[in-house]
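All remarks here apply to the structure that follows.
Read-outs throughout are calculated quantities, based only on the coordinates presented, and are distinct from any laboratory measurement. Predicted model, so just to flag it, every value in this text is computed and none were measured. All Cβ positions, glycine included, derive from the backbone under ideal geometry; neighbour counts span all protein chains shown.
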């Protein structure tokens, strides 16, 4: 399969020359403008390969073959290439070299996401389809929709988890942020069918032509930063944010809050692509932290039963640190989250029942969440959380029970 020459562009700025085969696999890259590469730490050609591969839809997504078949593609990279690598989260794209007079204004999804434009490859086959979703990551089926006030992202429910809990979790965590008075979060809504069953969750894109998302992974991690040796991965990220123009206290406050809420809600998917910063796409200066997003894999979504304290303390998942309790050690301001404003277990039970979960399942979530609140209160009051304490010291019960100090016996 032959290669074709492309130009990686940031809007209309030529960033790199690429050779990509018709199946979407990149074979050569030569950087022209290091300052504009889509990853910050190391301006090396090899990183472009990784960036392009990560930009495509992951192979494990449900109904991926159905989507690829709709657009006549055999793989995610081919689908990405057919759509010129365009995304609604940033201003990067690939332009066929023989169409190099093409401009960003003619193809960007913000203006043309509903249009169908056709280019052709060396064999005369259509090259550019009309999908705005070829660069959407994650495992849930997703679709970008254009409404009157802009672009929205719809996440469809995963039948593997009953009652669309992942989608309802998005709404629950939105409610937590609202109660806390936190402004920098992505509000989610849920869409129900005529029977009242949740079909999808929806949020508005927080990016536009002038404001793009740079993930934490692309800002620091995953590319190995020699300049920040001796720092933890999170410290590297803070340093990179400050180097990009953000205030250190602001960055730390944001991260303290995000890590705290992720602990309370047991978000198991806060990996380095699931948080980041917003960047001015013209000046390349960082504008703010990206509003907190993607909270579906939370609230014990993949546990078919209520968890006990030992299970919660042992909990490991994808995140800034492997163990949840280790992430708490990264927090500077333990009081950043107002515990008295968090939903109570009873309110949580009512919430999940209201949105269609079976009462038994809602009770399991509520019971596990109640224990998580106890652990969080212990953390806020300076009590060490560890497996050893759970197994050896709490003969008469833990320090907090049902969100109240436990009267321990001597």
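Largest mean-square fluctuation among 312, 84, 32, in a Gaussian network model of the chain whose springs join Cα atoms under 10 Å apart, belongs to 32. Given R0 = 35 Å, the distance between the Cβ atoms of residue 354 and residue 63 translates into a calculated FRET efficiency of 0.75.
Length gained on full extension, residue 5 to residue 282, computed as 0.36 nm times the residue gap minus the Cα-Cα distance: 97.1 nm. Considering only 321, 347, 78, the Gaussian network model of the chain with Cα springs below 10 Å gives its largest mean-square fluctuation to 347. Taking only alpha carbon atoms, region 119-218 gives an Rg to Rh ratio of 1.05, where Rh is the Kirkwood radius. Under 10 Å, Cα contacts only: if you run a Gaussian network model on the chain, which one of 51, 93, 272 comes out with the highest mean-square fluctuation? In the Gaussian network model the winner is 51.
With q set to 0.11 Å⁻¹, the log10 of I(q)/I(0) for the chain, from the Debye formula over equal scatterers at the Cα positions, is -0.87. Helix 165-180 and the longest principal axis of the Cα set of the chain meet at an angle near 70°. Per residue of the chain, the DSSP helices (runs of n ≥ 4 H) give a summed -39500 (n - 2.57) that works out to -9000 deg cm²/dmol at 222 nm. Taking every alpha-carbon pair within region 253-304, the share separated by more than 18 Å comes to 39 percent.
Set the Förster distance to 51 Å, then compute FRET efficiency between residue 175 and residue 98 from the Cβ-Cβ distance, nearest 0.05.
0.50
Cα centroid separation, region 343-410 to region 265-314: 21 Å.
Over every Cα atom in region 286-410, the radius of gyration and the widest Cα-Cα span, Dmax, amount to 15.7, 55 Å. Using only the alpha-carbon atoms, how far is helix 45-55 inclined from the longest principal axis of the chain? Give it as 0 to 90 degrees, nearest 10. Helix 45-55 sits roughly 70 degrees off the main axis of the chain. Its Cα gyration tensor gives region 3-112 an equivalent ellipsoid. The semi-axes, each the square root of 5 times an eigenvalue, are 22, 16, 14 Å from largest down.
Using a 10 Å cut-off around each Cβ, can you sort 168, 176, 48 from fewest to most neighbouring Cβ atoms?
Fewest-to-most Cβ neighbours within 10 Å comes out as 176, 48, 168.
Two numbers describe the Cα atoms of region 274-353: Rg and Dmax, which are 16.7, 50 Å.
Computed from the C-beta positions of residue 23 and residue 407, the FRET efficiency with R₀ = 56 Å rounds to 0.25. Calculate the translational D of region 172-405 in whole µm² s⁻¹ from Stokes-Einstein, where the hydrodynamic radius comes from the Kirkwood formula applied to all Cα pairs, the temperature is 10 °C and the viscosity 1.306 mPa s. It diffuses with D of about 83 µm²/s by this estimate. Model label sites at residue 149 and residue 105, defined 7 Å from Cα along the beta-carbon direction, differ in position by 2.9 nm.
Placing dummy labels 7 Å off each Cα toward the beta-carbon, the span from residue 344 to residue 393 is 3.0 nm. Compared with the dominant Cα axis of the chain, that is its longest principal axis, helix 248-265 is turned about 60°. Highest mean packing comes first when the peptides 182-191, 62-71 are listed by Cβ atoms within 10 Å, giving 182-191, 62-71. Cα centroids of region 49-84 and region 3-33: how far apart, whole angstrom? Distance between centres, Cα-based: 17 Å. Note on region 63-103: Rg/Rh from Cα positions, Kirkwood definition for Rh, rounded to two decimals, is 1.05.
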